[in-house]
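Here the structure comes first, spelled out in structure tokens, and everything after it is commentary.
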Amino acid sequence: MNDLLRMYELMAVIRRTEKAAYDLFMAGLVKGTTHLASGQEAVAVGASEALRDDDYTFATYRGHHHTIARGATPEACLAELMSKATGLCGGKGGSMHLTYAAGNMLGSYAIVGSHLPMAVGAAWSAQLRGSEQIAVAFFGDGATNIGAFHEALNLAAVWKLPVVFVCENNLYMEYTPIASVTAVANPAADRACAYNLPASIVDGNDVLVVRSAVREAAARARDGGGPTVLEMQTYRHFGHSRTDPATYRPSWEVEEWLSRDPLTIAAAQLSKEDVAAADARAEKVVAEAVEAAKAAPPAEGALTDVWADGSSTWRT
Amino acid sequence: MADMTYREAVAEGIAREMRLDPTVVCLGEDIGAAEGVFKTTVGLFKEFGPTRVWDTPISEQAIVGAAMGAAMTGLRPVAEIMFSDFLACCWDYLANEIPKVRYMTGGQVTVPLVVRTANGGGLGFGAQHSQAVENWAFTVPGLKIAAPSTPADVIGLLAAAIRSDDPVVVFEHKGLFASRGPAPPAGHVVPLGQASIARQGRDVTLVALASTVPIALQAAETLAADGIEAEVIDLRCLVPLDMRTVLESLARTSRLVVVEENPYQGGWGATVVSIVADEGFELLDAPIRRVAGECVPLPFADSLEAQVIPTAARVIDVVGQLAAY
Ligand SMILES: Cc1ncc(C[n+]2csc(CCOP(=O)(O)OP(=O)(O)O)c2C)c(N)n1
Ligand SMILES: [Mg+2]
């Protein structure tokens, strides 16, 4: 199978997994909230394609796409959202904290910006161990206005660490246009020069463009060239979270971006038969995942996994 | 055994672990060539060099966040936050990230890191450099907390903390840095969560931690002259909290005074006494008392600071009231 078709199929799996998450929510089988990444799949899939299997990635509460792109199964993700024992985090994490450590996807963090310093630390560790791994932090445009972003970029620059900072600029931080609360036009890329870091603005809806941008940044990081800031221009198809109808977005803007759907862009470069076959496979994988997750036993073990010995004992 | 200062013990404790385990690395502000603002990292940079001892910018979030990322990926970082008051600048990591990540990922990741910090008052550094904040950390399930009172315990607890696969916050007390005690032998480890009985006595139990251990011991000496024998328990850790040792002591003494430097309001002693009320009520022959920091920011002037931080005189006074009960 050619690369693009494989990436298309992975995006199709992610798209359908999130659609399933939405439907399961409406059916009352998923509680809490979800932050769908529909429309932003190319960032996760293109970046993962550019990385080594043992590279580290860190994501946000909008992280379904990053988790699946690094190898977690739709079944384990959906089971997590459905509070099942077979969930990725055994039901202790939920949608906002999907983590797939077996694939070195080291977590989804819901305190905006908090994981950028962690990615810096993972890159520092890789450098000290001489492992030639790199670390990637994926974050939103909104995260560029919190202190941890700036502390992370500066430290990574000063220590010349193998880390790539990937901003998914979807134009909004929750319900507020990022442009209305940010002093520069390109929230991540325009800040990079303050830390003497290279930056580029990338079409985040074209999976091949994403892959080549991340490849270049990853190669620089691995060769000792230090960090890079990539600002991926993209758009979420739905509201910020489950309850947000996103009425604050003008319809022309939504339509323009829907016409630039990353799946459509990739499909246009593939044969109709290949796309149909990939869609059918994705459909089947996700349908089976939904059934398996539904059938799984409920989560248990509220008092385990605090400490490394598996317990939560805090006193004698 | 030769004597050493508490301050020397910090550097020695870290050095011993760095010699044993190449994955132990240190990071913090001014800890390298400058050897620390409290001189608690003297000799480390010289012995281990810049790949093991890292000077950072003034970026508390990056220091602790990077330590976390490194701990998740094969290192055992020892991060220094210069003054414990500054923990507030990176509190997200202490409250939301480090203690929760193992649990919220269903045990997928391990965070073997140490955050060391200079805690507490008594040196006239004023409100923003003097607070005893061990109770901040004590409100967070998922953090282990050590607070040594002697040089030997500094070394023993640092060894246990650095070797622990769980995150440990080590509160070093600023007021104790110049104090002296016996240097422990090679290989000395004090397991986390084991209190020590710093002085035996049959009449009253004084539960103390870090700076309040010498205060309780001093009070006990004076009380002994009046015929009251106080048992002094040095908790050494807040998590795990060694309540067994406290309850066993109460079975002998039937009277309890907790001596804590953090404010009465939300101080750790409240948890200790609530457990005693729950599980040790029948052991008691008198009300429980807490001698704690006053509920104000730390004042600058010596005369004012002395009114806010627990003193031996206050402990003696309270024990006197209980003895007469
Ligand atoms: C420190 C912090 N402040 C506020 C929030 C509430 N919040 C959650 S998501 C969000 C918007 C973040 O926007 P952005 O970084 O652009 O990411 P996106 O949701 O667009 O992917 C806010 C304000 C939070 N989770 N953490
Ligand atoms: Mg955004």
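The values are calculated or read from the model by the stated rules, or taken from the named source; none is laboratory data. Computed from a prediction, not measured in an experiment: that's the story for all the values here. Here the Cβ positions follow ideal geometry from the backbone for every residue, glycine too, while neighbour counts run over all protein chains shown. Please note that ligands, DNA and RNA were not included when accessible areas were found on the heavy atoms of the full protein model with its side chains. Shrake-Rupley method; radii C 1.70, N 1.55, O 1.52, S 1.80 Å.
Brief remarks on what is shown
- Relative contact order, whole percent, for the stretch B:196-323 stands at 28, derived from Cα pairs under 8 Å and 6 or more residues apart.
- 35 Å tail of the calculated P(r), chain B, as % of Cα pairs: 19
- Note on the stretch A:216-294 and the stretch B:56-73: Cα centroid distance 31 Å, given to the nearest whole angstrom.
- With contacts taken as Cα pairs under 8 Å at a separation of at least 6 residues, chain A carries a relative contact order of 24 percent.
- Efficiency of FRET between B:ALA225 and B:LEU123 - r from beta-carbon atoms, R0 35 angstrom, step 0.05: 0.75
- When the alpha carbon gyration tensor of the stretch B:210-312 is reduced to an equivalent ellipsoid, its three semi-axes come out at 24, 17, 12 angstrom, largest first.
- Cα centroid separation, the stretch A:5-19 to the stretch A:131-181 (Å): 25
- Across chain A, the longest piece that holds none of the chymotrypsin sites (Phe, Trp or Tyr not before Pro) lying in DSSP loops with up to 14 other C-beta atoms within 10 Å covers A:1-174.
- For a straight C-alpha distance cut-off of 26 angstrom, the lysines reachable from A:LYS294 (same-chain residues fewer than eight places away being disregarded) are A:LYS19, A:LYS31, A:LYS84, A:LYS92, A:LYS284.
- Computing FRET efficiency as 1/(1 + (r/R0)^6) for B:TYR264 and A:ASP54, where r is the C-beta to C-beta distance and R0 is 60 Å, gives about 0.75.
- Those GluC sites (Glu not before Pro) in the stretch A:26-105 that DSSP places in a loop and that have at most 12 other beta carbons within 10 Å: none
- Fraction of beta bridges assigned by DSSP in the protein assembly as shown that are antiparallel (%, nearest 5): 15
- Two-decimal log10 I(q)/I(0) for the stretch B:79-145, as the Debye equation yields it once each C-alpha is a single scatterer, q = 0.14, 0.21, 0.23 Å⁻¹: -0.45, -0.87, -0.99
- Note on the stretch A:63-93 and the stretch B:213-281: Cα centroid distance 46 Å, given to the nearest whole angstrom.
- Here the Kirkwood formula puts the hydrodynamic radius of the stretch B:3-182 at 16.0 Å, using every distinct Cα pair.
- DSSP-defined antiparallel bridges as percent of all bridges, the stretch B:3-182, nearest 5: 10
- Stretching the chain fully between B:ASP30 and B:GLU248 yields a gain of 74.1 nm (0.36 nm per residue, less the alpha carbon separation).
- Accessible surface of B:GLU279 - all protein chains present, 1.4 Å probe, nearest 10 Å²: 100
- Pairs of Cα atoms in the stretch B:44-97 fall into 10 Å distance bins, from 0 up to the last occupied one, in shares of 23, 52, 24, 2 percent.
- Cα-projected label distance for B:ALA277 with B:ALA323, points at 7 Å along beta-carbon direction, nm: 2.7
- A simple spin-label model places the labels of A:SER251 and B:LEU20 6.9 nm from each other, with each point 7 Å out along Cα-to-Cβ.
- Taking each DSSP H run with n ≥ 4 as -39500 (n - 2.57) and averaging over every residue of chain A yields -13000 deg cm²/dmol at 222 nm.
- Value of D in µm² per second that Stokes-Einstein yields for the stretch A:3-315, Kirkwood Rh from Cα pairs, at 4 °C (1.567 mPa s): 66
- Overall shape: oblate for the stretch A:66-118, with the ratio a/c of the largest to smallest alpha carbon gyration tensor axis at 1.5 or above and b/c at least equal to a/b.
- Stokes-Einstein diffusion coefficient of the protein assembly as shown, Kirkwood radius over Cα pairs, 4 °C, 1.567 mPa s, in µm²/s: 49
- Between A:ALA308 and B:SER303, the simple label model (points 7 Å from Cα in the Cβ direction) yields a spacing of 5.1 nm.
- Computed E for A:THR264/A:SER131 - FRET, C-beta separation, R0 51 angstrom, nearest 0.05: 0.85
- Among beta bridges that DSSP assigns inside the stretch A:25-170, antiparallel share in %, nearest 5: 10
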